[in-house]
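Here the structure is laid out as structure tokens; the discussion comes afterwards.
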Amino acid sequence: MTTADPHGHGHGYGHGHGHGQGPGSEPPPVTDVAFVDAGGTRLCVRDQGPRDSPDPAVVLLHGTTANLGVWDAVVAELGPGVRTLAVDQRGHGRSERPPGAGYGAAEYVADVAALLRECVEGPAVIAGHSLGARNAVVLGARHPELVAGVVAVDYTPYVEPEVLDALDARVRGGDRAFASAAEVEGYLAARYPLLPAAAVARRLRYGYRQVADAWRPLADPRAMRLTVEGLRRDFDAETRAIRVPVTVLRGEHSRIVSRRAFDATVASRPDFRAVHLPGLDHYVPEEDPTSVAREIRRTLDAAAKPRTRS
């Protein structure tokens, strides 16, 4: 069941309604999203492009504390001929925060599988960043009938415990009140130093709400803590088991995926396409959307070939 939300007011969350575009101005409202009941979890989705295309749809899954807006530049690079479904995953953005629910791979993957069954005909290409990359690989391993291929951006098995400790600290540090939109932008620019200014503005627009005189993140703090705990369960077994085509990408300066972890993953699955991206850190889809879109298109083209020959 899909319902449009023309004002972007999912679950009663407020946000700035100003339309100024200067530094520190309030972000414009989010108006082009809809809500899907995905197996009992209400997910916020931006569904763009032709629904009658013979090619697979592309489902886009963001990272921890992020939201569907981080994919905007990738969607623009893919162009209007590709159907894309960018998703706020559970506990993030404008999607539901199921009370008492889990935030491990099983729960995230069940949501996406239900979304695919509800909204997409035939297998889709799943592109995920960070948390979304883990979820994409696990989905492909557990539900290969739903997945035409995976593009996993800057997350692999074998991430070191101390890396997740640092991630947990950053997630907890981000759960705070900000006095203004300008303060949020300053915080985001410092936290993500390689992001273009437009990407910082999108993070503000899609990821924060104004409550009384303060700005707060939409990402639910309890859900974020449980999500990081869920990332501590490695997904080596699913990575070894997956049989759909997989491309793995890593930013040269990633603080999440070490070169050791990336190389160990590729050694365990030499059939994966492995792409190193120089000059980038962890936030690859926002820093280099052209390269990410290119790898998604490559996966789409490979998925289309068997159908073309038949």
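The phi torsions of the stretch 186-194, fed into the Karplus equation with coefficients 6.51, -1.76 and 1.60 and a -60° offset, translate into couplings of x, 4, 5, 4, 6, 6, 10, x, 9 Hz, rounded to whole numbers, with Gly and Pro shown as x. Each other residue within a Cβ distance under 11 Å of Arg203 adds +1 if Lys or Arg and -1 if Asp or Glu, for a net charge of 0. Split the chain at each of the GluC sites (Glu not before Pro) in a DSSP loop with at most 14 other beta carbon atoms within 10 Å, and the longest piece is 122-251. Each residue of the stretch 149-162 is assigned a 3J(HN,Hα), and the resulting list reads x, 10, 10, 9, 9, 6, 7, 9, x, 6, 5, 5, x, 5 Hz, derived from the Karplus form 6.51 cos²θ - 1.76 cosθ + 1.60 (θ = phi - 60°), x at Gly and Pro. Taking a Cβ cut-off of under 12 Å around Ala113, the surrounding Lys, Arg, Asp and Glu residues balance to a net charge of -2, with basic ones at +1 and acidic ones at -1.
Please label the shape of the stretch 24-102 as rounded, prolate or oblate, based on the square roots a ≥ b ≥ c of the eigenvalues of the alpha-carbon gyration tensor (a/c under 1.5 means rounded; beyond that, a/b larger than b/c means prolate, else oblate). Write down the numbers at each step before the final one.
Details: a/c = 2.03, a/b = 1.28, b/c = 1.59.
Judged from the Cα gyration tensor, the stretch 24-102 comes out oblate (a/c at least 1.5, b/c at or above a/b).
Once backbone amide H atoms are built at 1.01 Å from N, Arg255 has His282 as its partners under 5 Å, excluding neighbours fewer than 5 places away on the same chain.
Take the solvent-accessible surface of the protein heavy atoms, probe 1.4 Å, and return the percent of it on the stretch 153-310 that carbon and sulfur atoms account for.
Details: 3900 of 7210 Å².
Answer for the stretch 153-310 is 54 percent, counting heavy atoms of protein chains only.
Per residue, the chain exposes 40 Å² of accessible surface when a 1.4 Å probe is rolled over the protein heavy atoms with every protein chain present.
The values are calculated or read from the model by the stated rules, or taken from the named source; none is laboratory data. Here the structure is a predicted model, which is why all the values come from computation and not from measurement. Note: ideal-geometry Cβ built from the backbone for every residue, glycine included; neighbour counts use all protein chains shown. Side chains included, ligands, DNA and RNA excluded: accessible areas come from the protein's heavy atoms. Shrake-Rupley method; radii C 1.70, N 1.55, O 1.52, S 1.80 Å.
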